[in-house]
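Derivation of every value follows stated rules applied to the coordinates shown; laboratory data play no part. Note that the structure is predicted; figures quoted are calculated from it, not measured. In this analysis, Cβ positions are derived from the backbone assuming ideal geometry, glycine residues included, and neighbour counts consider all displayed protein chains.
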Amino acid sequence: MTGQAANAKLMQAFLSDDLIFHPSPEFRNNANVQDARIYLDAEENWLQYWDKEAGNLHWFKKWDRTLEWEQPFAKWFVGGKLNAAYNCIDRHLREGRKNKAAIIFEGEPGDSRVLTYQDLYREVTKFANVLKDLGVQKGDRVSLYMPMIPELPIAMLACARIGAVHSVVFGGFAAEALRDRINDAGSKIVITTDGGYRRGKILPMKKNVDTALEENTTVEKVIVVKRTGAEIDMVAGRDLWYHQLMEDAVIGCPAEAVGAEDMLFILYTSGTTGKPKGVVHSTGGYLVGASSTHRMVFDIKEDDIYWCTADIGWITGHSYVVYGPLANGATTVLFEGAPDYPARDRFWAIIEKYAVTVLYTAPTAIRAFMKWGEQWPAGRDLSSLRLLGSVGEPINPEAWLWYHEQIGRGRCPIVDTWWQTETGHIMISSLPGITAAKPGSASIPLPGLELDVVDPAGRPMPAGQSGFLVIKRPWPGMLGTIYKDAQRYVDQYWGRFENMYFTGDRALKDKDGYFWVLGRVDDVINVSGHRISTMEVESALVDHPAVAEAAVIGKKHEIKGQAISAFVTLRDNYTYTDQLVKELKAHVASKIGALARPDDIFLTAELPKTRSGKIMRRLLRDIADGKTLGDISTLANPETIMQLKEQYAE
Ligand code: WT7
């Protein structure tokens with residue numbers, strides 16, 4: 001179907017209210033979950049439901065209690081002992097998957113590596129021994145700043161094996177953002193590479209680590225994986241080559257039996273302040289949630305070739321590239337590069353090459369594919385695909401239909417999955433064998449979970465009216481706390497509504513109980529499915545000597561969903577030039593990373609403020625989205641906003 005035809009179909013469907021896709025009988029009859037009674041059974045006794053799901057993992061010692069709930073702190077599978085790496089590797093060796101591909105790696109330059117479960121066992125246990133020899137102990141933090149290469153999941157699993165806590169920092173973050181995350185975690189070891197490939201260029205990852213560590217006092221060793229052969233500085237006494245350490249390492253390392261509540265990892269995400277939050281996930285609940293949802297939502301079968309395109313630097317990569325699939329003994333594809341390098345059919349070439357059966361990607365990618373045109377996927381054999389997934393932001397129905405037609409060729413169900421770094425695993429999604437899909441809606445909460453849409457007082461909203469998206473009971477993957485800041489955890493998530501976790505999202509439930517997520521209500525921007533805090537970008541801007549004050553907002557963007565717009569006032573003695581705008585954009589990118597680079601920066605004499613001095617971001621958003629201005633009666637300086645509006649229109 002062409003874009004136009006899809007739009008026509010869409011319009012028609014909206015008018016007749018019947019844009020619903022039911023799973024085919026064939027898909028249903030082969031699905032892992034075929035019986036809708038699972039929702040009712042789970043509802044009847046949700047703790048028993050999670051108990052049963054936990055039974056799919058290997059426990060060294062069974063838990064005594066499923067849940068201890070001292071709001072807002074949950075302890076799951078209390079008394080249980082397990083190991084995440086053991087669950088992701090060892091148990092598969094005994095269950096007939098020794099020679100099965102665990103990881104299929106596709107490098108950006110086109111190199112490829114397949115690691116069987118036995119290979120993974122060897123590499124992970126060797127590296128676990130390396131870490132131990134370097135003095136890493138249970139509970140120690142290890143920061144990983146790496147591209148999407150096999151050594152990244154290997155290092156994560158090696159940490160998990162000895163009970164160390166990994167903190168993966170997305171490879172696109174700049175030195176300063178990396179520094180903050182290493183310092184907050186108090187890491188003992190940093191693992192990185194001599195560079196990562198990005199569209200034929202080499203990212204200077206090691207150099208960023210060197211800068212990040214300039215004033216650091218906790219990091220003892222830096223382990224460097226050789227990936228590109230780029231020349232780098234090795235600091236004597238601190239820096240060690242991965243391949244040299246691995247040469248002498250012994251195969252086989254006992255998997256530490258850790259408590260279900262022991263920390264598995266920290267993952268930083270942007271909040272509403274400039275300081276990133278270290279989201280803490282524990283071992284037992286997280287692994288139960290990630291593996292159970294992965295099996296159900298992606299309908300994982302023994303011979304699937306499953307590909308989640310997310311970077312491991314984000315939660316999607318943690319749960320659905322690494323832990324979920326490997327705990328389920330699946331084959332997971334790991335791709336280092338970009339979708340348009342060397343050509344715009346790279347994704348489709350990979351699907352063809354490995355006969356990928358399940359694809360999980362993001363709306364922003366799909367919108368880019370739409371723009372590039374149908375000829376790219378059309379030129380590749382995509383007949384192996386049987387199921388598609390989406391995550392990161394609401395998927396607009398046009399993109400949904402395009403994905404369905406052009407990639408799924410009309411055959412594959414699409415699961416739109418809503419969740420967050422904090423939830424650890426998917427919370428709202430259809431189950432592809434039983435739930436009908438409505439394009440644009442993530443559908444209904446998974447079995448055992450309770451979410452709702454409420455008004456400011458916490459009362460449920462009537463169908464069709466928007467409110468705040470909340471979670472009403474604990475779930476296994478829920479974050480334990482914010483690292484070293486339990487108060488922030490309590491305030492941020494449990495302070496807004498009584499007895500409910502606040503997601504920060506706005507949503508509505510339709511007459512069928514389907515959830516339509518409408519976006520964030522806080523000062524968080526969703527750029528290409530990645531969360532960026534306006535405060536973080538604002539602090540990066542005011543850090544520049546020319547900037548007096550900055551206000552940052554998200555504005556609609558065709559491909560990215562939202563893009564960053566900044567409004568900036570200058571200090572005396574600085575004047576507006578295009579050069580300065582360029583410099584400010586580069587400054588933000590160098591402080592946080594390219595993903596935070598503002599699309600546009602407006603220099604203005606003043607920012608619109610209330611009489612109490614609060615910047616009115618709402619008005620700036622209205623300007624950026626070209627809307628008529630809302631109430632400006634509370635402004636102290638109404639003339640400013642009119643000037644800005646004119647300036648913006650130019
Ligand atoms: C926020 C979480 C774990 C997913 C990757 C991003 C938005 C995510 C959807 C979806 C509508 C979605 C929400 C959420 N979001 N998935 N399917 N439909 N919105 O993780 O960085 O923690 O961001 O992403 O606003 O709160 P994250």
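Any idea which of SER24, HIS58, TRP402 is furthest toward the positive side of the dipole for the chain, if Lys and Arg beta-carbons carry +1 and Asp and Glu beta-carbons -1?
HIS58
Normalising by the residue count of the chain, find the relative contact order in percent from Cα pairs under 8 Å and 6+ residues apart.
For the chain, the relative contact order is 13 percent.
In the neighborhood of ILE189, defined by Cβ-to-Cβ distances under 12 Å, what is the net charge if each Lys or Arg adds +1 and each Asp or Glu adds -1?
Details: positive: LYS132, ARG141, LYS188, LYS221, ARG238; negative: ASP133, ASP140, GLU220, ASP239.
Charge balance in the 12 Å sphere: +1.
Could you tell me the convex hull volume per residue, in Å³, taken over the Cα atoms of the chain?
Taking only Cα atoms, the chain has a hull volume of 163 Å³ per residue.
How large are Rg and Dmax for region 524-649 when calculated on the C-alpha trace, in angstrom?
13.9, 39
Efficiency by 1/(1 + (r/R0)^6): what FRET value for GLU215 and LEU40, r their Cβ-Cβ distance, R0 = 56 Å, to the nearest 0.05?
Details: r = 57 Å, r/R0 = 1.02.
For R0 = 56 Å, the calculated efficiency reads 0.45.
Counting only C-alpha contacts under 8 Å and six or more residues apart, can you give the relative contact order of region 524-649 as a whole percent? Display every interim value, and only then the final one.
On the way: 199 pairs, mean separation 26.9, N = 126.
Relative contact order comes out at 21 percent.
What size of dipole, in debye to the nearest 20, comes out for the chain about its Cα centre when the only charges are +1 on Lys and Arg C-beta atoms and -1 on Asp and Glu C-beta atoms?
520
Per DSSP H run of at least 4 residues, take -39500 (n - 2.57); add these up for the chain, divide by its residues and hand me the 222 nm value, nearest 500 deg cm²/dmol. Intermediate results must be reported in sequence, preceding the final value.
Numbers: 21 runs with 195 residues, N = 650.
Only helices count here, giving -8500 deg cm²/dmol.
Could you tell me which of the pairs LYS126/LYS353; LYS560/LYS614; LYS371/LYS627; LYS100/LYS207; LYS511/LYS555 are separated by over 32 angstrom between their Cα atoms in the structure shown?
Table pairs above 32 Å Cα-Cα are LYS100/LYS207.
Of GLN643, ILE601, SER533, whose Cα points farthest to the positive end of the dipole of region 524-649 (charges on the beta-carbon: +1 Lys, Arg; -1 Asp, Glu; origin at the Cα centre)?
Among GLN643, ILE601, SER533, the one farthest towards the positive end of the dipole of region 524-649 is SER533.
What residues have an amide H closer than 5 Å to that of MET616, excluding those fewer than 5 places away on the same chain, when H is modeled at 1.01 Å from N in the peptide plane?
Here the answer is LYS609, THR610, since their amide H atoms fall under 5 Å of that of MET616.
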